[in-house]
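Single-structure report; data block below.
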Amino acid sequence: MKTISVFLYLLISSCLPLMVCAQDSLAAKQLNCDSLRIKWRDFLIGGKYNPNDPLIKNKLSIINRNSLSFWKNGFVNDTVSRKTLWLDLKYNKSADITTSYTRLYSMAIAYCSPGTDSYHNQHLKNDILTALEWLYSKKYNERTLIPRTGGNNNWWDYRIGIPEKLNNIVVLLYDQISLESRAAYIRAIQHATPAVDGYTGANLVWISRVIAISSIIANNPSKVSYAINALSPVFNYVTQGDGFYIDGSFLQHNKHPYSGGYGVALLSSLTELLYLFPEIPGMVANATNIYSWVYDSFQPIVYRGGIMSSVMGREIARNNTSEHSKGRALTEALILLARQAPEEEGRRLTSIVKSYILEDGSKAGFSSISLTLMANEMMNDKTILPQTTYITYRQLANMDRAVRQADHYAFMLSMHSARIYNFESINQENLKGWHLSDGMSYLYNADQKQFEDNFWSTVNYQHLPGTTTEEDLTALTNKTSAKSWVGGTAMLDKYGVSGMELSPFGTTLSAKKSWFMLADGIVCLGAGITNQDNRNVFTTIEQRKLSLENSNTFTVDGKIIPGNFDVSDRNVNWAHLSGNVRGADIGYYFPEGIKLSMKRKPQSGTWSEVRTGTGSALQTRHYLTLWKAHGNHNIDGNGAENKYAYLLLPGYSAEKVKQYAKYPSIQILENTATVQAVKDIKLGLTAANFWKDTLSSVVVDHKIYLTCDKKAAVMVMENEEGMNVSLSDPTMLNEGLIHLQINRPFSGLVTSAPEITVKQLKPVLQFSVNVKGLKGRSVSAMFKQ
């Protein structure tokens with residue numbers, strides 16, 4: 001009996017792979033590896049093109065220049081005794097191997113591109129081939145020990161970085177590389193990257209692409225099909241860990257906001273695979289979610305063609321990366337996606353792409369001839385109209401970010417909580433990111449280089465705008481806070497309120513911080529600011545990079561303050577800073593007055609201070625820094641030392657700020673550790689953050705207007721037609737109801753989210769909201785008068 005059972009087990013076990021292979025082979029039959037390889041080669045070099053076309057000629061010049069710089073500068077072509085391929089590479093870290101293949105790929109592109117000086121240069125070809133042989137013999141083969149971790153010997157290099165470039169080189173030089181060598185290089189790749197098991201997010205897409213391309217080279221349709229099918233989890237929305245969330249958030253490395261880093265890389269790789277395998281949407285479930293990612297996860301974080309730094313993670317510390325270079329990578333991905341999208345999606349995507357290219361002041365080129373041609377075709381198509389002004393407010397609750405896009409500026413918040421880490425610093429990158437998520441605010445306007453052009457090498461990381469910090473405090477990376485109240489709510493997808501209960505790991509610092517993004521600008525409130533650490537605390541209102549000439553005009557209460565200065569505790573009502581470019585002026589209004597500390601001076605730093613191994617040249621930029629000193633207080637007496645209030649007025653002239661200070665359209669209703677609330681008179685909008693699970697009220701015109709019994713973010717907007725109300729549970733911990741009362745009578749309910757239950761309309765409005773499972777999502781209702 002036992003023998004029969006064993007026999008049946010072996011029979012069933014042996015059949016399972018056959019059944020899987022049979023299922024895969026159905027898709028594999030559609031795959032012609034030779035055709036796919038040629039298609040991928042043509043994509044890499046641009047296919048058939050006119051090398052005398054001025055647009056292409058310029059791109060060919062860049063390709064040729066890059067290739068020659070690697071080939072002629074420091075390349076060791078002594079095949080007998082060389083111990084390195086380039087004099088600057090010591091191979092004491094795995095990144096040097098990746099760099100070697102990256103340089104060889106650049107050389108191979110030039111060799112294969114008609115119109116370059118290097119096209120079919122036999123000397124160049126021989127140097128590439130001997131370099132590949134040296135790397136295979138010495139550094140990367142099927143006997144290479146693959147590390148499990150990062151650091152100097154990083155698994156990513158072996159499993160992703162190296163094989164991606166080696167795959168492409170073999171595709172380009174397929175007929176020039178011997179059959180024996182091709183087989184050896186593929187063995188090395190498949191040894192390092194045999195399967196997709198255990199990978200998520202961008203890493204899963206990269207791994208799948210490595211397997212797909214190497215399997216195309218190896219003429220293994222079944223393994224190609226395996227790689228395509230392995231993409232399936234990527235298209236599903238997640239509720240925890242790595243991936244895209246339904247609210248537009250994207251996380252990588254479990255708890256790090258990364259839509260502008262890994263998210264863009266994921267989309268770029270995925271759209272290339274969609275280009276190569278247009279059958280993916282028909283083969284992989286939920287593949288059409290990719291269009292929602294564009295509108296919900298990427299559009300909100302792009303301003304004038306640049307990706308906002310707040311969602312780029314540790315990549316801000318790379319001197320070869322910028323907001324607009326990341327934005328260009330996203331634009332390229334959208335170009336590819338638009339070409340294979342259904343008609344309606346294609347029209348919408350091309351409209352977005354055209355606006356990004358037109359708005360991108362960096363005028364950066366495209367990464368390949370293929371994409372240069374595709375972009376040029378799109379820009380010359382007069383039937384494609386760029387999208388009109390993009391206005392939105394998004395609470396990206398699952399990654400502790402919020403963004404408001406207005407008609408002439410954008411504003412983004414970077415926060416952290418018990419759910420999201422403070423900052424990432426691995427592989428010796430982002431070494432000063434201590435306070436990046438302590439409420440840092442990014443104000444974008446016509447000055448597209450504000451957070452570029454050596455900002456991250458010269459900014460004072462102890463004085464990041466919007467943050468409340470202890471003096472000279474550094475922080476440990478990959479830490480959550482002890483507090484869950486981080487989030488907010490939106491009104492009509494146009495205005496919003498966000499809040500953060502600040503409690504950085506390893507400190508006793510505590511603060512309630514709120515941002516109200518309304519008609520004229522951003523109202524910033526802080527309350528309950530205390531600590532037990534015997535350190536002075538301050539809130540930084542601004543640290544703005546000035547023009548290279550330091551020519552910006554700074555005005556305080558109508559008086560211009562010339563030159564550089566360092567002033568403490570000056571009584572200020574309003575201030576104004578002229579922009580680096582036209583349309584970049586900023587006004588600052590302090591509705592309760594403030595004792596403002598101000599500093600204007602040059603600041604210097606090096607990229608190597610924020611990323612080990614990068615440039616050590618000293619960079620200098622001029623900055624204006626404004627902050628309020630709170631002192632050192634362990635008790636909240638709700639005094640001036642425990643709080644702050646200011647408005648950011650983007651685009652305002654000095655005269656307009658002066659007039660606003662006389663006749664403000666914003667009223668601060670509450671600013672305590674229990675409630676923070678404001679009223680926008682223009683909009684008829686009242687917004688409040690309720691910080692405690694106690695019955696709390698907001699008073700308007702000396703009468704109780706709004707009452708809430710739980711922690712919540714609430715917005716109420718009234719006009720002649722009725723009232724809109726929105727609410728969220730930023731803590732994501734409430735498993736029950738939030739009860740609200742608005743002291744107004746209403747005649748009926750117009751629309752309502754299913755989570756809202758109306759208890760009475762008159763003489764006052766009372767309703768409850770079931771927030772269980774909403775994960776910070778806003779719900780709304782409209783009532784008629």
Given (1) within 18 Å of Pro147 (Cα to Cα); (2) within 24 Å of the chain's Cα centre (by Cα); (3) buried (at least 18 other Cβ atoms within 10 Å of the Cβ); (4) not aliphatic (A, V, I, L, M), Gln190 misses just (2)
- Message: Please determine whether any residue of segment 484-504 is closer than 30 Å to Gly615 by Cβ, in contact (Cβ under 8 Å) with a residue 24 or more places away in the chain and within 18 Å of the chain's Cα centre (by Cα).
- Response: no
The lone condition Ala617 fails out of (1) more than 30 Å from Thr99 (Cβ to Cβ); (2) aliphatic (A, V, I, L, M); (3) not in a helix (DSSP H, G or I) is (1)
Of the candidates Ser653, Ser696, the one satisfying the condition of being in contact (Cβ under 8 Å) with a residue 24 or more places away in the chain, small (Gly, Ala, Ser) and either surrounded by fewer than 21 Cβ atoms within 10 Å (Cβ to Cβ) or touching an Asp or Glu at 6+ places or on another chain (Cβ under 9 Å) (or both) is Ser653
Of (1) hydroxyl-bearing (Ser, Thr, Tyr); (2) within 18 Å of Phe250 (Cβ to Cβ); (3) surrounded by fewer than 17 Cβ atoms within 10 Å (Cβ to Cβ), Ser297 fails just (3)
Flagged in segment 65-85 as out of contact with any strand residue (DSSP E or B) (no Cβ under 6 Å at 6 or more places or on another chain) and farther than 16 Å from Leu129 by Cβ, in numbering order, are Arg65, Asn66, Leu68, Ser69, Lys72, Asn73, Ser81, Lys83, Thr84
Per the list (1) hydrophobic (A, V, I, L, M, F, W, C); (2) surrounded by fewer than 16 Cβ atoms within 10 Å (Cβ to Cβ); (3) free of Cβ contacts under 8 Å to residues at least 60 places away in the same chain, residue check on Ile391 breaks on (3)
Flagged pairs (Cβ under 8 angstrom, 6 or more apart or on separate chains; first in segment 247-276, assigned to a helix (DSSP H, G or I); second at pLDDT 95 or above and of a type in the set (Ser, Thr, Tyr)) are Gly263/Ser297; Leu273/Ser208
Of the residues in segment 282-293, those that are in a helix (DSSP H, G or I) and either hydrophobic (A, V, I, L, M, F, W, C) or within 14 Å of Ala227 (Cα to Cα) (or both) number 3
Subset of segment 377-397, residues over 30 Å from Met491 (Cα atoms) and assigned to a helix (DSSP H, G or I), comes to Glu377, Met378, Met379
query = In this structure, does Asn478 turn out to be within 23 Å of Leu626 (Cβ to Cβ) and modelled with pLDDT of 95 or more?
reply = no
Take Asp53 and decide whether it is crowded, with 20+ Cβ neighbours inside 10 Å, among the charged types (D, E, K, R) and without any contact (Cβ under 8 Å) to a residue 60 or more places away in the chain. no
- Are any of the residues in segment 505-516 on the phi > 0 side of the Ramachandran plot, of a type in the set (Gly, Ala, Ser) and assigned to a loop (DSSP other than H, G, I, E, B)? yes
Per the filter on segment 695-747, residues within 21 Å of Asp247 (Cβ to Cβ) and small (Gly, Ala, Ser) are Ala712, Ala713, Ser726, Ser728
**Asked** Hey, any hits in segment 9-24 for a residue that's within 26 Å of Leu274 (Cα to Cα) and modelled with pLDDT of 95 or more?
**Response** no
Expected output for segment 665-676 (first residue within 20 Å of Asp520 (Cβ to Cβ), partner surrounded by fewer than 17 Cβ atoms within 10 Å (Cβ to Cβ), Cβ below 7 Å, 6+ apart or cross-chain) is Ser665/Ala519; Ser665/Ile681; Ser665/Lys682; Gln667/Ile681; Leu669/Val699; Leu669/Val700
Here the residues within segment 95-133 that are within 36 Å of the chain's Cα centre (by Cα) and of a type in the set (D, E, K, R) are Asp96, Arg103
(Q) Would you confirm, using the coordinates I've provided, whether Thr144 is modelled with pLDDT of 95 or more, of a type in the set (Val, Ile, Thr), farther than 22 Å from Ala192 by Cα and part of a loop (DSSP other than H, G, I, E, B)? (A) no
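The values are calculated or read from the model by the stated rules, or taken from the named source; none is laboratory data. Note that the coordinates shown come from a computational prediction; the quantities given were computed from them, not determined experimentally. Every residue, glycine as well, gets a Cβ built from its backbone with ideal geometry; the counts of neighbours run over all protein chains shown.
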